[in-house]
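The values are calculated or read from the model by the stated rules, or taken from the named source; none is laboratory data. In this text the structure is predicted, and so the values were computed from the model without any measurement. All Cβ positions, glycine included, derive from the backbone under ideal geometry; neighbour counts span all protein chains shown.
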Amino acid sequence: MENGIIQQIDYLLKQLFLGTPLYKWALALIVFLLFLLFRKLFTVIVLGIIRKFVSRTKTTLDDKLLKVIINPVRFLFIVFGLWFAINILGAEDEILNHFIKSLFIITVFWMIYNAVIIFQTNFYTFAEKFGKDLSKELGNFFIKSAKIFIFILGLVAVLQEWGIDVTAFIASLGLGGLAFALAAKDTVANLFGGLTILADKSLKIGDWIKVGSVEGIVEDLGIRTTKIRTFEKSLITVPNSYIANNPIENFSRRNNRRIKMTIGLVYDTPGDVVKKIVEDIRNMLHEHPRISKDLITLVFFDKFGDSSLDIFIYTFTDTANWTEYMAIKEDVNLKIIEIVEKNGSAFAYPSQSIYIEKVPEKLVFYDPDREN
């Protein structure tokens, strides 16, 4: 009976599936699962020991290198498992060989890509040599450029593995290549626009700027676009070529904010009172602790308005911060109200006075309902 069962199992395992005996499929599956088990043991035991060792060293370089290789090495167990399983199945197919080799290439470039991410602080340190003000923007530019370069290089290596001559392929595009170049024209313009922005140091992340109709805080300065967060909390992506070719108003680069206003006094205010109000406002601004003493301050009786005597006020605060500016402006406004009221005058509002030179002695009113 036992021999019969063995014979049946032997017969079953020798059955073919996709031209390969079932026992080879079973053996290939077992080998692949063993590599998954080795991967788990490597992660828990070997990497655990390595982590403890590198954590005791004084340098952080080994910690970073471990982060660079840990996931790609774990992925290699899957690649080797597939490779051994394919060999067991006897599927020595050219496509499968290219596929396995492509996975090895991807793993190598994965490590290089991780190195860019893990060592990005070094990119920022290198960028500081070109200026601390733009170290973050230049660092981001270097990192993104390196990522794109590694991705393109890895893609070319994989294509070469599959027998695709990239150089010949690009050269054979002909009109298609010309169309591609024309389509990429804007991308190239945006790339050089980003380089121009960095070279001019016209803005950096965190600046409050206005370009055309777009106004807000710069959140990201990329290779192709710049992201601006508006005060309505919308995120606007602006092409770098547009920023490079348009005037940039950078509010964060100024140290002061302007107060400019015209106040109107009622017309029955005597001339000497108007003069006293002007002098009091001028003295108040000169003595105000938050009004800039280095910039011009103007207070003058400006003109005879339609319904008021207009006083022109022009000065600057000592800060560009919006909240502080509004608090200073409020304080100045309240002090102007006190000065006007203290001098016995009042603020005018639009009004008209009608003077009738002579009233008729007898007024005749037309009544349409009255009988003739």
Residue count, the range 255-274 (criterion: in a helix (DSSP H, G or I) and either hydroxyl-bearing (Ser, Thr, Tyr) or surrounded by 12 or more Cβ atoms within 10 Å (Cβ to Cβ) (or both)): 2
Return yes when residue 88 is aliphatic (A, V, I, L, M), surrounded by 15 or more Cβ atoms within 10 Å (Cβ to Cβ) and modelled with pLDDT under 75 and no when it is not. yes
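Yes/no matrix, rows are residues, columns are (1) in contact with a strand residue (DSSP E or B) (Cβ under 8 Å, 6 or more places away or on another chain); (2) surrounded by 14 or more Cβ atoms within 10 Å (Cβ to Cβ); (3) of a type in the set (Phe, Trp, Tyr):
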site	(1), (2), (3)
203	yes, yes, no
213	no, no, no
230	yes, no, no
233	no, no, no
236	yes, yes, no
241	no, yes, no
283	no, no, no
290	yes, yes, no
Residues of the range 91-124 that turn out to be modelled with pLDDT of 80 or more and of a type in the set (Ser, Thr, Tyr), as a count: 3
Out of the range 283-322, which residues are of a type outside the set (Asp, Glu), under 18 Å from residue 347 (Cβ atoms) and either without any contact (Cβ under 8 Å) to a residue 40 or more places away in the chain or assigned to a strand (DSSP E or B) (or both)? 299, 300, 301, 303, 304, 309, 311, 312, 313
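To keep it simple, each residue is scored yes or no on (1) modelled with pLDDT under 95; (2) closer than 30 Å to residue 209 by Cβ; (3) hydroxyl-bearing (Ser, Thr, Tyr).
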site: 300; (1), (2), (3): no, no, no
site: 331; (1), (2), (3): no, yes, no
site: 337; (1), (2), (3): no, no, no
site: 344; (1), (2), (3): yes, no, no
Would you confirm, using the coordinates I've provided, whether residue 267 is more than 30 Å from residue 206 (Cα to Cα) and modelled with pLDDT under 90? no
Every residue in the range 216-254 that is outside any strand (DSSP E or B) and among the small types (Gly, Ala, Ser), please. 222, 234, 241, 244, 252
Go through 40, 64 for me and flag whichever is in a helix (DSSP H, G or I) and closer than 22 Å to residue 109 by Cα. 64
